[in-house]
Amino acid sequence: MKPFPKNFLWGAATSNVQAEGGYLEDGKSLNVYDTLEVQPEIGTEPVASDTSVASDHYHRYKEDIALMKEMGFKANRFSIVWSRTHPGGDDGVVNEKGMAYYEDMIDTMKAAGIEPVVSLVHFDMPDSLYRKYNGFYDRRVVDFYADHVADIAKRFAGKVKYWITYNEINLATWGHLVAGADRPEGVSEAAFHERITHHTLLAHAKAVLAIRAADPEAKIGGMEAYSPIYPATCAPEDIFAADFTQKVKQYLCYDIMTTGDYPAYYKTLLKEEGVTSELPAEDIEVMKEAAKELDYLALSYYSSGAAKGPATKADIAFRKGAGFANPYLQANEWGWKIDPQGLRVALNQLTDRYHKPLFIVENGIGLDDQLVDGKIIDDARIAYHKAHIEAMGQAIQEDGVDLMGYLAWSPFDFLSSHKEVRKRYGFVYVNRTKDDLKDLARIPKKSFYWYKNVIESDGTKL
Ligand code: BG6
């Protein structure tokens with residue numbers, strides 16, 4: 001593989017709610033991840049641990065950043081936890097200890113030569129906003145969020161260059177964890193979908209403008225969980241199912257972010273489902289203004305998807321979907337399919353549609369790593385990253401994709417979105433199990449040394 005561009009942002013990404021612990025320390029309040037009642041992933045045992053300690057990143061971040069430095073990271077993505085900086089959520093009160101904590105984290109990264117990439121709203125809405133308002137279902141929460149972002153942006157303007165407004169915004173319609181909202185009784189799936197889409201994309205737009213107002217030089221990105229959707233076969237109904245799934249689940253939020261309005265396929269779908277509410281003109285104005293200020297599109301990529309027809313548009317968008325298990329791909333223990341080629345497809349699709357710089361801000365594999373004689377030999381993780389880095393190298397070098405960087409999921413182990421310890425993603429092992437905190441020691445895995453070498457060689461030694 002030829003060397004990657006010199007300014008390519010190699011590194012990794014963390015979700016702080018999943019890593020920090022210290023969950024009621026220094027004024028933090030509980031958030032929707034802390035209180036989430038976890039349904040185990042299909043086919044696995046109930047495994048959720050509590051979030052009170054997680055990986056103890058709250059107390060060990062300096063050690064964790066030192067290990068990132070040792071790997072040669074150019075950038076590290078992390079999230080500023082809303083319930084730590086604004087524990088009340090709706091009262092405008094800033095928790096100075098929370099702000100100071102992130103300020104020191106940013107300063108420590110910069111001193112280590114690591115560019116901080118800050119994410120906002122990553123499963124961290126104060127739980128009180130969920131209980132009192134039903135999260136982003138309520139319009140008022142959009143402004144609470146915008147105020148939170150404005151405070152953060154003002155505080156860290158000039159220190160932080162790269163921003164991500166909302167983690168995996170296209171999953172917000174799933175509700176609780178991502179948007180702090182449940183579908184109220186009597187509200188149709190389509191109406192709930194529209195309301196959450198509108199409010200979260202408006203929140204994104206307000207965040208873009210707040211960051212831009214604080215720092216004209218900032219680089220601001222909108223983020224989705226992205227999977228290209230393949231048709232199960234070339235039967236027309238499968239092609240239709242894949243195409244519509246792709247539009248409504250993958251393109252929709254990027255379409256709105258880049259234009260400031262709903263695309264025709266979504267407007268039509270809503271009308272067909274009896275949702276006729278018009279977007280308020282002042283919201284469209286804000287969203288259009290924000291679209292002009294958007295610098296890049298960020299994505300997490302874990303796997304591709306596949307779709308099989310026949311399926312109606314409403315089923316695809318709001319109900320059971322048209323999902324199909326691709327028989328050509330291997331999966332990890334949790335059933336997540338492994339498809340490096342899909343990453344190249346994804347980068348090409350997004351480039352062709354949006355013509356904007358792209359930034360991979362999550363990519364990795366969950367594995368039940370075993371500590372044997374003090375070592376973790378995680379060859380499957382190395383194979384996963386190697387294949388995905390090759391695919392993105394082809395996208396840059398052979399297809400002309402403008403890619404800013406690659407942030408692997410994750411620098412060190414922390415809890416999965418299902419609060420699972422056993423599903424590990426890190427280059428560094430954290431010595432704990434679900435019930436036994438042990439010593440929480442940090443132990444570099446084999447992949448740590450491999451990734452260090454990849455970065456050192458500008459991606460030529462895979
Ligand atoms: C992404 C999230 O959806 O996937 C992360 O942004 C999450 O927070 C990651 O950890 C991997 O998913 P999981 O469920 O294995 O943790």
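The values are calculated or read from the model by the stated rules, or taken from the named source; none is laboratory data. What you see is a predicted model; the values in this text were computed from it and never measured. Using ideal geometry, Cβ is built from the backbone for each residue, glycine included, and neighbour counts are taken over all protein chains shown. Surface areas here come from the heavy atoms of the whole protein model, side chains and all, with no ligands, DNA or RNA. Shrake-Rupley method; radii C 1.70, N 1.55, O 1.52, S 1.80 Å.
Would it be correct to say that ARG353 is basic (Lys, Arg) and either free of Cβ contacts under 8 Å to residues at least 60 places away in the same chain or assigned to a strand (DSSP E or B) (or both)? Even if it seems obvious, please write down each step before you answer.
Values: basic (Lys, Arg): yes; either free of Cβ contacts under 8 Å to residues at least 60 places away in the same chain or assigned to a strand (DSSP E or B) (or both): no.
Taking the combined requirement at face value, the residue does not satisfy it.
Of the residues making up region 111-132, those that are assigned to a loop (DSSP other than H, G, I, E, B) and within 16 Å of the ligand (Cβ to nearest atom) are LEU120, VAL121, HIS122, PHE123, ASP124, MET125. For region 133-145, indicate whether the set of residues that are more than 16 Å from the ligand (Cβ to nearest atom), surrounded by 18 or more Cβ atoms within 10 Å (Cβ to Cβ) and closer than 30 Å to MET404 by Cα is non-empty. Yes, because at least one residue in region 133-145 is more than 16 Å from the ligand (Cβ to nearest atom), surrounded by 18 or more Cβ atoms within 10 Å (Cβ to Cβ) and closer than 30 Å to MET404 by Cα.
When you go through (1) open to solvent by less than 10 Å² (accessible area, probe 1.4 Å); (2) within 13 Å of the ligand (Cβ to nearest atom); (3) touching a residue at least 40 places away in the same chain (Cβ under 8 Å); (4) over 19 Å from LEU297 (Cβ atoms) one by one for GLY426, which number turns out not to apply? All conditions pass for GLY426, except number (3).
Out of everything in region 148-174 that is charged (D, E, K, R) and closer than 10 Å to VAL118 by Cβ, what residue ends up being farthest from the ligand (Cβ to nearest atom)?
Initial filter on region 148-174 (charged (D, E, K, R)): 151, 154-155, 159, 161, 168.
Keeping just the survivors that are closer than 10 Å to VAL118 by Cβ gives 159, 161.
Numbers: LYS159: 24, LYS161: 21 Å.
Among those residues, the one meeting the criterion is LYS159.
Where helices (runs of 4 or more DSSP H) sit wholly within region 1-105, those with at least 3 residues that are open to solvent by 70 Å² or more (accessible area, probe 1.4 Å) and over 22 Å from VAL142 (Cα atoms) occupy 57-71. Which of the residues spanning region 210-237 are over 19 Å from the mean Cα position of the chain (by Cα) and open to solvent by 50 Å² or more (accessible area, probe 1.4 Å)? Hits for region 210-237 are ALA213, PRO216, GLU217, TYR230, PRO231, THR233, CYS234, PRO236, GLU237.
Quick check: is even one residue across region 177-187 open to solvent by 20 Å² or more (accessible area, probe 1.4 Å) and within 16 Å of the ligand (Cβ to nearest atom)? Working first, answer last.
Step one: list which residues in region 177-187 are open to solvent by 20 Å² or more (accessible area, probe 1.4 Å), which gives 177, 182-187.
Applying the additional criterion that residues be within 16 Å of the ligand (Cβ to nearest atom) yields 177.
Checking region 177-187: at least one residue is open to solvent by 20 Å² or more (accessible area, probe 1.4 Å) and within 16 Å of the ligand (Cβ to nearest atom).
Out of LYS288, LYS313, LYS308, I need the residue that is under 29 Å from ARG77 (Cα atoms) and open to solvent by 30 Å² or more (accessible area, probe 1.4 Å). Which one? Give the steps one after another, and end with the answer.
Numbers: LYS313 fails: under 29 Å from ARG77 (Cα atoms); LYS308 fails: under 29 Å from ARG77 (Cα atoms).
Just one listed residue meets the conditions, LYS288.
In summary, ARG381 fulfils each of the numbered conditions (1) of a type outside the set (A, V, I, L, M, F, W, C); (2) under 19 Å from the mean Cα position of the chain (by Cα); (3) within 14 Å of the ligand (Cβ to nearest atom) with the single exception of condition (2).
Selection of region 238-266 for residues being in contact (Cβ under 8 Å) with a residue 12 or more places away in the chain, more than 22 Å from ALA306 (Cβ to Cβ) and open to solvent by 30 Å² or more (accessible area, probe 1.4 Å) yields THR258, THR259, ASP261. In region 435-455 there is no residue matching the filter, namely being more than 26 Å from PRO357 (Cβ to Cβ), within 16 Å of the ligand (Cβ to nearest atom) and open to solvent by 10 Å² or more (accessible area, probe 1.4 Å). Restricting attention to region 267-284, which residues are assigned to a helix (DSSP H, G or I) and free of Cβ contacts under 8 Å to residues at least 24 places away in the same chain? Of everything in region 267-284, those that are assigned to a helix (DSSP H, G or I) and free of Cβ contacts under 8 Å to residues at least 24 places away in the same chain turn out to be LYS267, THR268, LYS271, ALA281, GLU282. Residues of region 121-164 that are under 20 Å from ASP295 (Cα atoms) and of a type in the set (Phe, Trp, Tyr): PHE156, TYR162, TRP163.
Going by what's in this entry, would THR276 be described as hydroxyl-bearing (Ser, Thr, Tyr), open to solvent by 10 Å² or more (accessible area, probe 1.4 Å), over 24 Å from VAL401 (Cα atoms) and at pLDDT below 95? So THR276 passes the test. Just so you know, in region 365-422 the residues that are without any contact (Cβ under 8 Å) to a residue 12 or more places away in the chain and over 20 Å from SER300 (Cβ atoms) include one that is least open to solvent (accessible area, probe 1.4 Å), and it is VAL372.
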